[in-house]
Amino acid sequence: MIEQDWIYGFVGGLLIGLGGAVYLLVNGRIMGASGILGGLIDGSGMRTFWERVSFIAGVVLMPVLLYPMFENVDTHATSNLLVLVIAGLFVGVGTRLANGCTSGHGVCGISRLSLRGISATVFYIMAGGLTIALLRHAWGLI
Amino acid sequence: MRNLFALLAGALFGAGLFISGMTDTTKVQGWLDVFGAWDPTLAFVMGGAIIPMFFAWRLTERRKPVLGGDFPTPPEPKIGKNLIVGSVMFGIGWGMAGLCPGPSMASLSYGGIGGWVFFAAMVAGMILAVPVKKRVFATA
């Protein structure tokens with residue numbers, strides 16, 4: 001049985017891949033969210049400042065337009081600010097050390113059959129799975 | 001022109017993240033929760049995203065980007081300390097909150113104060129990564 005969420009997931013995935021294809025074929029760049037943002041934060045990407053800002057503007061503003069068309073949109077994120085701060089720090093340091101996240105290593109790396117992209121994806125999914133197993137099931141923290 | 005297409009790519013990426021449900025942390029944490037109520041949605045998203053990207057990479061062969069310059073050259077296929085430690089750290093944070101950099105940005109407009117707290121911490125982590133990379137991983 002195919003659930004509706006999976007269809008939305010697949011269609012949304014196609015759009016994500018299409019965005020990556022445009023960024024690659026037209027601009028000649030890899031669509032990695034952590035790299036595009038990180039280059040602005042640590043100053044390493046100032047030469048392509050406006051290209052990065054334009055991309056991020058698209059990512060942030062498109063959901064604003066779509067929001068009224070969908071019902072019950074919510075991130076359902078934890079209200080525990082300490083968890084959010086620690087998680088954010090780990091995501092920020094980790095993605096910059098590894099030079100990529102779910103979009104760069106995951107979407108762009110796997111589709112290129114890149115050994116680095118595939119390895120990174122295996123590592124972060126295993127670490128994420130283990131984190132959920134420990135924090136939710138073993139320790140009951142989240 | 002580059003900025004216009006960057007905006008278009010970002011808009012497609014943002015729309016895809018929003019529609020696919022990847023800005024919903026219960027879906028992401030559900031995918032990682034193999035011992036609980038496992039949610040396979042993320043696999044459909046990843047599969048859907050890889051299809052256009054696979055063809056895009058094929059189109060880069062013997063061509064140049066439409067707006068000039070060169071395509072990114074493949075990095076050395078080296079699995080260094082940086083990649084492993086960084087990815088494990090990213091995975092821990094991703095599992096804890098169910099947010100990664102793309103969805104964190106895409107949900108800023110409706111994710112409330114928590115979304116901004118995560119985003120701010122992530123930005124701080126990106127600044128912190130510079131000295132960490134220099135000192136701890138000087139050889140990698």
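The values are calculated or read from the model by the stated rules, or taken from the named source; none is laboratory data. Just so we're clear, the structure is a prediction, and the values are computed from it rather than from any experiment. With ideal geometry, Cβ positions are generated from the backbone for all residues, glycine too; neighbour counts draw on all protein chains shown.
Each row is one residue, and each column tells you yes or no for (1) aliphatic (A, V, I, L, M); (2) at pLDDT 95 or above; (3) at positive phi; (4) not in a helix (DSSP H, G or I).
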{"residue": "B:TRP31", "(1), (2), (3), (4)": "no, yes, no, no"}
{"residue": "B:ALA37", "(1), (2), (3), (4)": "yes, no, no, yes"}
{"residue": "B:PHE44", "(1), (2), (3), (4)": "no, yes, no, no"}
{"residue": "B:ILE50", "(1), (2), (3), (4)": "yes, yes, no, no"}
{"residue": "B:MET53", "(1), (2), (3), (4)": "yes, yes, no, no"}
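Scanning the range A:101-142 for residues being among the small types (Gly, Ala, Ser) and on the phi > 0 side of the Ramachandran plot gives a total of 1.
Within the range A:51-60, the set of residues being facing chain B (nearest Cβ under 7 Å) and within 18 Å of the chain's Cα centre (by Cα) comprises A:SER54, A:PHE55, A:ILE56, A:ALA57, A:GLY58, A:VAL59, A:VAL60. Evaluated against (1) over 19 Å from B:GLY16 (Cα atoms); (2) more than 7 Å from chain B (Cβ to nearest Cβ), A:GLU71 falls short on exactly one condition, (1). Quickly run through the range A:95-126 and pick out the residues that are part of a helix (DSSP H, G or I), of a type in the set (A, V, I, L, M) and surrounded by fewer than 22 Cβ atoms within 10 Å (Cβ to Cβ). Residues satisfying the conditions are A:ILE110, A:LEU115, A:ILE118, A:VAL122, A:ILE125, A:MET126. Scanning the range B:75-97 for residues that are more than 7 Å from every other protein chain (Cβ to nearest Cβ) and either surrounded by 13 or more Cβ atoms within 10 Å (Cβ to Cβ) or within 26 Å of A:ALA133 (Cα to Cα) (or both) turns up B:GLY80, B:LYS81. The single condition from (1) touching a Leu at 6+ places or on another chain (Cβ under 7 Å); (2) farther than 15 Å from A:GLY35 by Cα that B:LYS81 fails is (1). Hey, does the range B:42-65 have a residue that's over 30 Å from A:LEU135 (Cα atoms), facing chain A (nearest Cβ under 7 Å) and among the acidic types (Asp, Glu)? No - not one qualifying residue is present in the range B:42-65. Scan the range A:102-125 for residues that are closer than 21 Å to B:VAL34 by Cβ and more than 7 Å from chain B (Cβ to nearest Cβ) and the total you get is 4.
For the range B:82-119, a tally of residues being assigned to a loop (DSSP other than H, G, I, E, B) and in contact (Cβ under 8 Å) with a residue 60 or more places away in the chain returns 5.
For the range B:1-36, taking the residues that are more than 7 Å from chain A (Cβ to nearest Cβ) and in contact with a Gly (Cβ under 6 Å, 6 or more places away or on another chain), the one that is surrounded by the most Cβ atoms within 10 Å (Cβ to Cβ) is identified as B:VAL28. The single condition from (1) closer than 30 Å to A:LEU24 by Cα; (2) modelled with pLDDT under 95 that A:SER54 fails is (2).
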